[in-house]
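Where a number appears in this text, it was derived from the coordinates with a stated rule and is not lab data. Keep in mind that what you see is a predicted model, and the values were worked out from it rather than measured. So basically every Cβ, Gly included, is an ideal-geometry build from the backbone, and we count neighbours across all protein chains shown.
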Amino acid sequence: MTEKIIPQESDLDSIGEQVAGLIDDFLEPDAEYLNAESRGEETFELSYPFELWVIDLSDRTKADSLDAVAKWSKRWHHQVRYKEKAIGYALSKLDPDKERSWIVSEVVKSKVAEKIDDAIMQIRENKDLKDDSELRLLSLQDYRVCAFWMKDAGEVYVIDCPSSFKYLRPKEELHQEKFLNGLLMEAPIIGRIGSRDDDYQR
């Protein structure tokens, strides 16, 4: 099994520089930002990175546990905050051609970033976690579901899901088995609902 390399504090500087080169596309024009004396001035911040896991329900005969259908994407999710507000997220991964080097594959403006921040706050207030490394971010694009998986505790906190769902609700905490059973009783979303801003797409 390949060793999982976690971005360290020193790596965040490199990741942040890459994000800075992409973030202009969705920052609103702002006097404070535009008048920054240098491009290196800190105008945004990145959060502690979370492992991004994707759920694969293509073969439901194997969906007998969350461990069986959740796959490590080899990417890391970073909350992007500007003026202390979550405005989007960045995705990073190891550069396969360079040792201990990180590539930012995408920077996305998304309303779900605020919901992720709210979820982090709720979990920290109500759970006795050693640190945020115990949280795995779950994504299921076909169902427009985003959740935190507290694997050690065997629980899932639903961050966001379609309002049409009957068995899952946003801001709901469930045992991981009940979460998966509820998910399996829902139907995939056909077509895109709303804009990309409304859904976690990766």
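When Leu91, Leu52 are screened for being among the hydrophobic types (A, V, I, L, M, F, W, C), touching a strand residue (DSSP E or B) at 6+ places or on another chain (Cβ under 7 Å) and closer than 18 Å to Met150 by Cα, only Leu52 passes. Any residue at all in the stretch 139-162 that's exposed (fewer than 15 other Cβ atoms within 10 Å of the Cβ) and among the polar types (S, T, N, Q)? No; the residues of the stretch 139-162 include none that is exposed (fewer than 15 other Cβ atoms within 10 Å of the Cβ) and among the polar types (S, T, N, Q). Note on the stretch 157-170: among residues that are touching an Asp or Glu at 6+ places or on another chain (Cβ under 8 Å) and charged (D, E, K, R), the one that is nearest to Lys115 (Cα to Cα) is Asp160.
Say we look at the stretch 51-66 and pick out the residues that are surrounded by fewer than 20 Cβ atoms within 10 Å (Cβ to Cβ), in contact (Cβ under 8 Å) with a residue 60 or more places away in the chain and within 26 Å of Ser105 (Cα to Cα); which of these is nearest to the chain's Cα centre (by Cα)? Break it down stepwise before answering.
At the first step, the residues of the stretch 51-66 found to be surrounded by fewer than 20 Cβ atoms within 10 Å (Cβ to Cβ) are 51, 54, 56-65.
From what is left, the residues that are in contact (Cβ under 8 Å) with a residue 60 or more places away in the chain are 51, 54, 57, 60, 63, 65.
Okay, now just the ones that are also within 26 Å of Ser105 (Cα to Cα), so 51, 54, 57.
Values: Glu51: 8, Val54: 10, Leu57: 19 Å.
Looking at the filtered set, the residue picked out is Glu51.
When the criteria are applied in full, Glu114 meets the requirement of being farther than 20 Å from Gln8 by Cα and acidic (Asp, Glu).
Here's the yes/no breakdown for (1) touching a residue at least 40 places away in the same chain (Cβ under 8 Å); (2) in contact with a Leu (Cβ under 7 Å, 6 or more places away or on another chain):
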site: Lys85; (1), (2): no, no
site: Leu94; (1), (2): yes, no
site: Lys98; (1), (2): no, no
site: Ala147; (1), (2): no, yes
site: Pro162; (1), (2): no, no
site: Phe165; (1), (2): no, no
site: Gln176; (1), (2): yes, yes
